[in-house]
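Notes for the one structure printed next.
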Amino acid sequence: MPSRLGEGLRAYRMIAGMWIRSTTAYRTSFALTVVGNLLITGLDFAAILLMFSQVDSLGGWTLPEVALLYGLAATAFGLADLLLGSMDVLGGRIRDGSFDVLLVRPAPVLAQVGADHFALRRLGRITQGVLVLGYALAAVDVEWTAAKVLLVPVMVICGGVIFSSVFVAGAAFQFVAQDAAEVQNAFTYGGNTLLQYPPTVFGTDLVRGVTYLLPLAFVNWVPAAYVLGRPYPLGLPEWAAFAPPVVAAGFVLVAGLAWRAGLRAYRSTGS
């Protein structure tokens, strides 16, 4: 298993490096693309600012508190999108038969799919998320303790792992549905948008679904409630704020099993 993991990381690094060299060959174009990506993703937070120009709170949460949710979700999702954002093209490869090419190469298929068309321009999304997160940490009214300070990077890292698992699980679903990229995007990009707002603005059934079925709530809602001294969604126990590492590890296992099952069930188009 360790040798297989090392082989996958080596293949991912080589393929991603190839795409990075290709992207940065035209530096001005690359810089403009990154800046454009930063500005476009920033429109999401601009929408939140427009809301708060009309109201003092959103679902009982102040602007710095919502900004904290936004910054955590955007940064975690940005990391996953940078590393595995190309997984949504798998359905197209399955449909046109080009997926067979990946199967005959001497490298793990997951590494090949994840690094395919590696887009360094997605650093703009991460940068934008970090900027909002920095503002939120400076503006939010919190009595900081060692546990709360340590929980911030834990949320970002574990959130990135959880979103990465969603990308992999969504790609595994495409083995069955073939070109179902939009279904996958509903849970990846849609999940990111969902987490940018407080859970109090959503119905109980939706909150329950993203807590127990698709554990996106552990990206920021649950641990951020501890940091901010807010009631936990669904009345979860206090220790749930420190569960993101366990949830992330469990979801990685589920996504890995789903990927292996999908790969074994794959049948070539013959084209």
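The values are calculated or read from the model by the stated rules, or taken from the named source; none is laboratory data. Quick caveat: nothing in here was measured; it's all calculated off a predicted structure. Backbone-built Cβ (ideal geometry, glycine too); neighbour counts: all protein chains shown.
Residue pairs whose Cβ atoms lie under 8 Å apart, sitting 6 or more positions apart in sequence or on different chains, and linking a residue in segment 260-271 that is within 15 Å of Arg95 (Cβ to Cβ) and among the aromatic types (Phe, Trp, Tyr) to a partner that is at pLDDT 80 or above and surrounded by 12 or more Cβ atoms within 10 Å (Cβ to Cβ), are Tyr266/Ile94; Tyr266/Phe99; Tyr266/Phe175. Are any of the residues in segment 69-77 in contact with an Asp or Glu (Cβ under 9 Å, 6 or more places away or on another chain), buried (at least 21 other Cβ atoms within 10 Å of the Cβ) and among the hydroxyl-bearing types (Ser, Thr, Tyr)? Looking for residues that are in contact with an Asp or Glu (Cβ under 9 Å, 6 or more places away or on another chain), buried (at least 21 other Cβ atoms within 10 Å of the Cβ) and among the hydroxyl-bearing types (Ser, Thr, Tyr), one finds at least one in segment 69-77, hence yes. Just one residue in the set Asp56, Asp116, Asp81 is at pLDDT 90 or above and under 20 Å from Arg13 (Cβ atoms); that residue is Asp81. Quick check, is Ala248 surrounded by fewer than 21 Cβ atoms within 10 Å (Cβ to Cβ) and either touching a Lys or Arg at 6+ places or on another chain (Cβ under 7 Å) or within 22 Å of Gly78 (Cα to Cα) (or both)? Answer is no for this residue. Among the conditions (1) in contact (Cβ under 8 Å) with a residue 24 or more places away in the chain; (2) part of a helix (DSSP H, G or I); (3) closer than 17 Å to Ala225 by Cβ; (4) of a type outside the set (Gly, Ala, Ser), Val149 misses just one, which is (1). Residues that are closer than 22 Å to Met87 by Cα and touching a residue at least 24 places away in the same chain (Cβ under 8 Å) within segment 213-246 comprise Leu214, Pro215, Leu216, Val219, listed in sequence order.
Would segment 96-116 turn up any residue that is touching a residue at least 40 places away in the same chain (Cβ under 8 Å), out of contact with any Cys (no Cβ under 6 Å at 6 or more places or on another chain), loosely packed, with under 12 Cβ neighbours inside 10 Å and at positive phi? Checked against the condition, which is being touching a residue at least 40 places away in the same chain (Cβ under 8 Å), out of contact with any Cys (no Cβ under 6 Å at 6 or more places or on another chain), loosely packed, with under 12 Cβ neighbours inside 10 Å and at positive phi, segment 96-116 yields no hits at all.
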